[in-house]
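Below you'll find the structure, written out as structure tokens, and then a few comments.
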Amino acid sequence: MGAQPSVAIIGAGLAGLTCGTALKSFVQNIKIFEKSVFPGGRVSSFRAGEYEFNHGAQYFTVNNPLFWNIVSAWQTDGIVRPWDGWIVELAKGQIVNSDLATQRFVGVPSMQEIAQNLARQCELVTSANISELERQADGGWRLFNERGDYQGAFDIVIIATAAHQVADLCRTVAEISNPAGRVDMTVCWSAMLAFERRLKIPYDAAFVFDSPLSWISRYQYGVKEGDADCWVLHASPEWSQQYAASFRGRVMHALLDAFWEASDLKARKPASASVHCWKHAVPINPISEDSLFVEEHEIGACGDWCTAPRIEGAVLSGFSMADRVMKHIHKNYA
Ligand SMILES: Cc1cc2nc3c(=O)[nH]c(=O)nc-3n(C[C@H](O)[C@H](O)[C@H](O)COP(=O)(O)OP(=O)(O)OC[C@H]3O[C@@H](n4cnc5c(N)ncnc54)[C@H](O)[C@@H]3O)c2cc1C
């Protein structure tokens with residue numbers, strides 16, 4: 001084939017951004033298309049007036065040695081730090097256990113900074129909702145957004161979105177759309193609360209049992225000044241699924257009630273309260289492949305739905321994708 005190929009990556013979550021940064025010293029012409037205004041996907045931040053929250057991923061853990069190396073580099077660059085918060089398990093307002101053993105990391109100052117930092121190293125096009133991929137007779141792909149506007153032609157396309165979006169975009173390539181289409185995702189209602197005064201809660205975060213909630217966490221970065229207190233609540237997958245189509249106001253009331261019960265505090269009015277429904281929160285049945293690539297059509301897919309339902313899974317899948325693309329280029333374009 002000769003010449004340097006061009007690469008389009010669809011989705012600027014951690015999988016797409018990892019793939020893009022790993023490829024950039026190898027391929028000159030790479031563009032990442034992101035439908036949102038900001039990169040990050042499920043590690044993005046939520047702003048409610050003067051308050052800001054991590055409303056998706058709250059922290060990450062590290063198991064894989066390659067991911068350890070990446071996290072060490074992020075730590076050296078000041079993008080992440082170990083989280084030494086006091087994390088407990090709660091049942092009906094009582095602390096039933098303390099989790100002191102697990103090493104967790106958070107983004108600095110917020111989880112979104114991990115994505116922002118990677119995005120600064122890439123050519124990123126935001127507000128670009130890619131809705132159609134058209135295969136060219138002589139090879140390569142043409143990209144179009146949801147209004148049908150042409151977004152460019154690329155030799156190689158990587159789809160780094162959640163599984164259902166991969167299945168939709170890649171419907172002409174059964175080797176990718178079939179496995180992606182079989183992945184189910186949980187629903188997660190998040191509530192973001194700000195109080196004018198600090199609540200008398202001694203711990204920083206808790207896994208919650210016997211409740212509509214599964215997780216509550218104090219979020220200090222959200223507080224710009226004074227004695228305010230910000231909390232993020234995540235409803236359990238079962239409760240979220242049951243109330244997926246409910247009105248926001250109803251969900252907010254139910255989650256607030258559950259918060260007061262879980263924390264064993266008297267109810268009070270928050271200064272700010274918002275809810276967000278993650279309709280595709282985490283994959284339930286990842287496909288256990290690091291990434292997918294179809295050589296013949298020069299199209300691939302990656303994301304947490306390939307590997308494991310967490311940040312580590314997304315990053316490792318993005319790396320695997322970059323590795324496969326590099327090998328393909330070496331074989332076919334060198
Ligand atoms: C509520 C919640 C809590 C979580 N908690 C944790 C946790 O504590 N620890 C942990 O490790 N993980 C957690 N996770 C999981 C973690 O956030 C994900 O595993 C990880 O961020 C997935 O990254 P990704 O790049 O695979 O996908 P995503 O982050 O979903 O990125 C995909 C990107 O593609 C974009 N996109 C989609 N379609 C298109 C299109 N057509 N055109 C252009 N762009 C498109 C999206 O906007 C998005 O930015 C949590 C997730 C949620 C939702």
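Laboratory data are not the source of any read-out in this text; all were calculated from the coordinates shown. Small disclaimer: the values here were computed from a predicted structure and weren't measured. Every residue, glycine as well, gets a Cβ built from its backbone with ideal geometry; the counts of neighbours run over all protein chains shown.
Under the convention that each Lys and Arg Cβ holds +1 and each Asp and Glu Cβ holds -1, the size of the dipole of the chain around its Cα centre is about 600 debye. Taking the number of Cβ atoms within 10 Å of each Cβ as an exposure proxy, the fewest-first ranking of VAL325, VAL282 is VAL282, VAL325. Take the Cα radius of gyration of the stretch 187-334 and divide it by 2.2 N^0.38 Å, N being the number of residues; the result is 1.40.
Highest mean packing first, where packing is the average number of other Cβ atoms within 10 Å per residue, the peptides 176-187, 152-163, 109-120 line up as 152-163, 109-120, 176-187. Taken along the Cα-to-beta-carbon direction at a fixed 7 Å, the label points for GLN220 and ARG171 span 5.0 nm. Counting 0.36 nm for each residue step from PHE209 to ARG182 and taking away their Cα separation leaves a gain of 6.8 nm. The Cα-based radius of gyration and maximum Cα-Cα distance (Dmax) for the chain are 21.0, 70 Å. Normalised radius of gyration (Cα atoms, divided by 2.2 N^0.38 Å) for the stretch 1-69: 1.43.
Averaging the sequence gap over all C-alpha pairs within less than 8 Å and six or more residues apart, then dividing by the number of residues, gives the chain a relative contact order of 23 percent. Just so you know, the Rg over Rh for the stretch 102-220 is 1.10, from Cα atoms, with Rh as the Kirkwood radius. Note on ALA73/ALA334: beta-carbon distance plugged into 1/(1 + (r/R0)^6) with R0 of 30 Å gives a FRET efficiency of 0.60. Report note on the peptides 192-201, 308-317, 234-243, 91-100: ranked by the mean count of other C-beta atoms within 10 Å, highest first, their order is 308-317, 234-243, 192-201, 91-100. Rounded to the nearest 5, the antiparallel percentage of DSSP beta bridges internal to the chain is 70%.
All Cα-Cα separations within the stretch 194-265 were binned at 5 Å from zero, giving a P(r) of 3, 15, 26, 24, 17, 10, 4, 1, each value a whole percent of the pairs. With K and R counted +1 and D and E -1, the other residues having a Cβ less than 11 Å from that of VAL157 yield a net charge of 0. Sorting the Cα pairs of the stretch 78-169 by distance into bins of 5 Å, from 0 upward, gives 3, 10, 13, 13, 12, 10, 9, 9, 8, 6, 4, 2, 1, 0 percent per bin.
For the stretch 157-236, the Cα gyration tensor yields ellipsoid semi-axes of 39, 16, 8 Å (square root of five times each eigenvalue, largest first, whole Å).
For THR126 and ARG248, the difference between the fully extended length at 0.36 nm per residue and the C-alpha to C-alpha distance is 41.2 nm. Hey, how many Å between the Cα centroid of the stretch 179-244 and the Cα centroid of the stretch 262-306? With the stretch 179-244 and the stretch 262-306 each reduced to a Cα centre, they are spaced 14 Å. Whole Å is fine, so just give me how far the alpha carbon centre of the stretch 12-89 lies from that of the stretch 90-153. With the stretch 12-89 and the stretch 90-153 each reduced to a Cα centre, they are spaced 8 Å.
Which whole-number percent of Cα pairs in the stretch 1-124 have a distance greater than 21 Å? When every Cα pair of the stretch 1-124 is considered, 50 percent fall beyond 21 Å. Modelled this way, with points 7 Å down the Cα-to-C-beta line, the labels at ARG197 and ASP264 are 2.0 nm from one another.
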